[in-house]
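Everything on this sheet refers to the single structure shown next.
The values are calculated or read from the model by the stated rules, or taken from the named source; none is laboratory data. Note that the structure is predicted; figures quoted are calculated from it, not measured. Please note: Cβ atoms are built from the backbone with ideal geometry, for glycine as well, and neighbour counts cover all protein chains shown.
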Amino acid sequence: MKHNFHSQLLSLLLLLGFFCLKTIQLVSCHGDLQVNCIKNEREALLKFKESLTDPSGRLSSWFGEDCCKWKGVQCDKKTRHIVELKLRNPRPGVVKDDGTTYNLGGEINPSLLNLKHLNHLDLSLNDFGGRTIPEFFGSLEKLRYLNLSGAAFGGYVPPNLGNLSNLHYLDLNTNFYASQEGDLKWITNLSSLQYLNLGGVNLSSTADNWLQVITMMPCLSELHLPSCGLSELHQTPSSVNFSSLRVLDLSNNGFNSSLPDWLFELQKLEYLDLNSNNLGGNFSATFSNITSLQMLDLSQNSFIPGQIPTSLGYLCNLKTLVLSTNNLIGEVTDFFDVLSMCGNSSLETLDLGDNQLGGFLPNSLGHFKKLKHLQLWENSFVGSIPDSIGNLSSLEEFYLNNNKMNGPIPESLGKLSELVALDISENSWTGVVSEAHFFNLTSLKDMVIAKFSLSPDLTLFFNVSPGWIPPFKLEFLKLRSCQVGPKFPGWLRNQDQLSTVVLRNTKISDIIPEWFWELGLSLDELDLGYNQISGRIPNSLKFRPQSTVYLNWNCFWGPLPLWSANLSELHLSNNSFFGPIPPDIGEKMSLLTDIDISYNSLIGAIPSSISNLTTLTTLVVSNNYLSGKTPEFWDNLPFLYALDMSNNCLSGKIPSSIGSLSYLRFLMLSDNHLSGKIPTALQNCSNMDTLDFGNNELTGKIPEWFGERIPTLLILRLRSNFFHGDIPDELCNLSGLHILDLAENNLSGSIPPCVGNLKGMAMDLQSVRYEGQLWVATKGTEYFYTASVLYLVNSIDLSSNRLGGEVPELRNLSRLVTLNLSRNHLTGKIPESIGNLLHLESLDLSRNQLSDLIPPSMAASTFLAHLDLSYNNLTGEIPSSNQFQTFNDPSIYEGNPGLCGVPLPTKCSRDDGEVPPPTGRKQETEGAVRKEQMGLYISAALGFVVGFWGVCGTLVIKNSWRIAYFQFVNNMKERIIILASVVLARLIRLINPRE
């Protein structure tokens with residue numbers, strides 16, 4: 001019986017096991033049946049895919065039966081319905097090697113309506129080419145999340161999006177083509193919305209009611225409306241229901257009002273961004289009610305200038321305060337003092353950059369122990385950094401650049417162990433920087449102590465021992481215009497993480513040690529310019545993409561180095577590099593955009609491989625010994641902006657292919673041996689600012705199309721060539737021309753009167769970015785003007801030609817500085833209106849045929865420093881007032897016989913030497929007298945010549961007449977002697993009768 005019991009029990013267990021196994025299998029089979037997604041939803045996704053463009057194959061996983069496993073598709077784990085579609089571009093802006101991108105595009109198929117349970121749709125950062133946002137999106141009733149930001153939708157935002165009553169998150173940011181038609185009332189239906197971003201959507205048509213509409217959304221916690229064209233920031237809306245708002249971004253709009261009070265009644269507000277508006281008003285009353293604000297950003301506004309309000313001292317919970325790029329004025333002492341009274345301040349970020357704040361930085365700055373980011377850049381702070389700066393133990397970034405700070409840098413700066421970035425550049429620091437200034441800067445990565453000035457008078461000195469090992473590993477180093485030399489800094493020996501090395505104008509006069517080249521640096525920027533560093537540069541340097549090299553103004557020598565293709569800018573000018581330009585420079589460094597290898601000793605031809613530099617914008621090879629013909633590869637350099645090959649030994653004609661450079665603005669080919677005519681193809685370079693062909697052997701006439709096809713010309717220099725013919729009137733169309741130099745040619749005809757209307761010499765030219773330098777003849781010599789000051793020079797030089805006629809009226813050229821018309825055949829008077837040129841510094845009218853008086857009005861030219869009127873036919877007294885009192889050199893008036901007065905030895909007619917300049921009828925009468933006297937002198941001279949040669953000429957030619965003449969003279973002589981003797985004897989007898 002016991003055995004039967006065990007048998008029955010065993011049978012029961014086996015039966016239970018069988019049923020359990022069946023149950024497990026059934027469950028497993030049931031699970032297998034539920035793995036696949038819903039069929040009609042899968043088909044809807046496939047139709048959606050077919051309508052899209054997918055160049056990178058991001059949807060390549062969309063095949064098979066189980067669409068829940070497709071990339072970007074999320075299904076409900078229980079019902080297997082598709083609930084999320086996440087197709088955000090993972091790599092926006094990236095272009096593959098084959099030229100394709102990761103953007104999805106094309107049409108959006110309405111088949112998505114079959115996804116009845118879809119609650120999350122993200123198509124952000126794709127490119128739908130300005131297509132309108134599909135209206136059927138408003139029928140996806142279950143949507144809680146909709147993100148179309150950065151997807152390049154256009155047209156209008158469909159109002160039926162307001163049907164999405166379950167929506168919590170709506171982001172249409174940076175759809176720059178999109179705009180809102182009508183009002184925003186549809187948004188009020190989104191009663192559950194917590195996040196709204198319409199950044200870049202044009203809402204200008206809703207300017208009157210946007211705020212009232214937005215305030216009707218009680219659940220909203222984040223509102224982003226940047227760059228929406230809004231113009232009204234209402235001061236007193238009927239009701240402000242922003243009780244849940246934590247983040248408010250209204251930046252980059254056009255508000256032109258004061259800050260409304262309601263902004264500071266938002267007790268939960270953590271982030272406020274109103275940058276780049278025109279907000280004004282008084283700060284003092286705006287922050288008193290903000291007690292819970294965690295993040296405040298009011299950067300880049302134009303507030304009515306006023307003091308920083310001390311009421312900010314109540315903001316003890318403030319973590320981030322950004323007031324950059326405003327018009328704040330005054331000192332900051334009270335602000336820091338009041339805010340420091342919070343005791344344990346929460347402030348972590350303080351940005352007051354780009355304002356007009358001034359005064360000293362107070363010691364209370366050291367109370368902000370939690371401060372991590374301190375930005376005081378671009379203000380007018382003075383004095384030194386307070387010693388209390390060492391108390392900011394959490395400080396990671398300190399930007400004090402572009403102020404008026406002076407004095408020594410405190411050693412307490414060296415206590416900031418968390419400091420990562422230090423920029424105190426563009427101030428007037430003095431004293432010594434020692435090892436103590438860096439004692440505990442163990443986290444320092446970026447250090448900038450620099451000034452743009454290249455003055456040799458340096459006031460800040462680095463004094464560290466040669467064996468000093470810094471506690472930091474820098475990545476970014478800029479030391480500029482402070483003394484680091486004369487030795488190359490040895491403390492860089494362990495700085496093997498550097499990507500930027502700038503030691504510009506630091507008085508280093510040394511050879512770069514080998515250990516520096518062996519650091520194995522991969523550089524973004526290497527700038528050792530304006531020192532006296534010598535030696536050869538190895539080819540082993542490594543550079544990152546878009547890197548730059550400045551080794552200019554040193555003593556480097558040897559062949560030009562060749563580095564990696566990553567290099568973007570190469571500046572090696574003013575050194576002693578020699579030999580040819582490497583023939584494969586365009587192949588080895590194919591990404592170069594800027595080349596300046598001027599002022600070296602390079603020889604040979606310009607290599608043809610430069611044609612491979614298809615992104616080249618600047619090519620400067622001037623002041624070398626390059627020879628051969630100017631190359632013809634310019635049509636391969638479509639972006640060339642500046643071309644300077646001046647002062648070499650180039651020959652041949654100017655290549656016509658230069659005319660293909662539509663972006664060309666600066667073309668300098670002077671001081672070569674170029675010949676032929678100016679090619680007409682250059683008229684295609686219609687954007688040129690500077691054209692300098694001076695000192696060549698060019699021929700032909702000056703092209704009329706200069707003034708017709710290149711209206712932007714500011715500088716035209718053609719001096720010392722063989723141009724002939726007239727000066728074309730069309731040059732007067734160059735309204736911005738401020739340097740015109742046509743000297744030393746064979747030009748004839750008269751000077752076009754319209755030259756006096758050149759507007760570029762009658763106004764203050766705004767700062768112009770010039771490429772290269774220019775020699776300008778002025779004050780009797782040639783001066784070298786650098787690119788930074790060239791825009792200040794206004795000059796006309798037409799000297800040494802064969803120009804005739806009168807000097808044109810130039811009264812309108814009020815900003816003219818130099819006028820040289822010497823060595824021509826000009827006639828007539830010096831125009832009285834030349835005295836209107838009040839900025840004139842140099843005037844040369846010498847060696848012409850000018851007549852009459854020196855205009856008294858010229859005495860009004862108080863800037864006149866150089867004057868030459870020699871070798872003309874000027875008459876009358878030299879003016880003696882104002883500026884003429886300084887012209888004591890008589891040679892500037894010589895060759896004018898009719899001039900008198902100081903400094904000439906010829907005195908004027910009145911005893912006292914003061915003859916008032918004749919005017920009116922008196923002047924005409926004296927002119928007539930001078931003409932009669934001149935006729936008398938000429939008649940007497942002619943009579944003497946005729947009488948003399950009438951007698952003497954006959955005696956020389958006829959011998960018998962000569963003998964008879966001298967016999968007659970001899971007889972007459974004897975008769976006169978006898979007669980004189982008889983008369984003398986009679987006189988003696990009369991005196992002495994006794995005898």
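Scanning region 608-654 for residues that are among the hydroxyl-bearing types (S, T, Y) and touching a His at 6+ places or on another chain (Cβ under 8 Å) yields a count of 1. Scanning region 814-866 for residues that are under 17 Å from Y783 (Cβ atoms) and hydrophobic (A, V, I, L, M, F, W, C) turns up L816, V817, L819, L840, L843, F863, L864, A865. Only residues that are out of contact with any strand residue (DSSP E or B) (no Cβ under 9 Å at 6 or more places or on another chain) and either in a strand (DSSP E or B) or more than 18 Å from L669 (Cα to Cα) (or both) were counted in region 685-717, giving 7. Filtering region 203-220 to residues that are of a type outside the set (A, V, I, L, M, F, W, C) and in a helix (DSSP H, G or I) leaves S204, S205, T206, Q212.
Within region 72-95, the set of residues being modelled with pLDDT under 95 and basic (K, R) comprises K77, K78, R80, R91. Among the residues making up region 854-900, those that are in contact with an Asp or Glu (Cβ under 8 Å, 6 or more places away or on another chain), over 16 Å from E832 (Cβ atoms) and in a loop (DSSP other than H, G, I, E, B) are F863, A865, S870, Y871.
Counting only residues that are assigned to a strand (DSSP E or B) and either aliphatic (A, V, I, L, M) or closer than 17 Å to L747 by Cα (or both), region 805-848 holds 5 of them. Among the residues of region 526-562, those identified as aromatic (F, W, Y) and more than 28 Å from the chain's Cα centre (by Cα) are F556, W557.
Scanning region 250-276 for residues that are assigned to a loop (DSSP other than H, G, I, E, B) and either at pLDDT 75 or above or closer than 15 Å to G200 by Cα (or both) yields L250, S251, N252, N253, G254, F255, L274, N275, S276.
Do we have Y770 as farther than 22 Å from N873 by Cα, in contact with a helix residue (DSSP H, G or I) (Cβ under 6 Å, 6 or more places away or on another chain), touching a residue at least 24 places away in the same chain (Cβ under 8 Å) and surrounded by fewer than 22 Cβ atoms within 10 Å (Cβ to Cβ) here? The answer is yes for Y770.
Results for (1) buried (at least 19 other Cβ atoms within 10 Å of the Cβ); (2) basic (K, R); (3) closer than 26 Å to K487 by Cβ, shown as yes or no for each residue.
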site: I533; (1), (2), (3): yes, no, yes
site: R536; (1), (2), (3): no, yes, yes
site: N539; (1), (2), (3): no, no, yes
site: F543; (1), (2), (3): yes, no, yes
site: W557; (1), (2), (3): no, no, yes
site: L562; (1), (2), (3): no, no, no
site: A565; (1), (2), (3): no, no, no
site: S573; (1), (2), (3): yes, no, yes
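Filtered by the rule that a residue be outside any loop (DSSP other than H, G, I, E, B), farther than 18 Å from N109 by Cα and in contact (Cβ under 8 Å) with a residue 24 or more places away in the chain, region 51-95 gives C68, Q74, C75. Scanning region 780-804 for residues that are surrounded by fewer than 17 Cβ atoms within 10 Å (Cβ to Cβ) and modelled with pLDDT of 95 or more yields R802, G804. Selection within region 441-467: residues that are part of a loop (DSSP other than H, G, I, E, B) and in contact with a Leu (Cβ under 7 Å, 6 or more places away or on another chain). The member of this set that is nearest to T500 (Cα to Cα) is K445.
In region 388-407, what residues are assigned to a helix (DSSP H, G or I) and either of a type in the set (A, V, I, L, M) or within 15 Å of F336 (Cα to Cα) (or both)? Show your work before the answer.
From region 388-407, those assigned to a helix (DSSP H, G or I) are 388-391; that's our starting set.
Across region 388-407, the qualifying residues are S388, I389, N391.
Of all residues in region 115-161, none satisfies the criterion of being closer than 17 Å to G72 by Cα, surrounded by fewer than 19 Cβ atoms within 10 Å (Cβ to Cβ) and hydrophobic (A, V, I, L, M, F, W, C).
Here's a check for you: in region 410-436, which residue that is of a type in the set (S, T, Y) and not in a helix (DSSP H, G or I) is surrounded by the most Cβ atoms within 10 Å (Cβ to Cβ)?
S425
Of all the residues in region 364-387, those that are touching an Asp or Glu at 6+ places or on another chain (Cβ under 8 Å), small (G, A, S) and assigned to a loop (DSSP other than H, G, I, E, B) number 0.
Listed here are the residues, each with its yes/no results for (1) at pLDDT below 95; (2) aliphatic (A, V, I, L, M); (3) under 25 Å from I603 (Cβ atoms).
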residue	(1), (2), (3)
G529	no, no, yes
N539	yes, no, yes
C555	no, no, yes
P561	yes, no, yes
I581	no, yes, yes
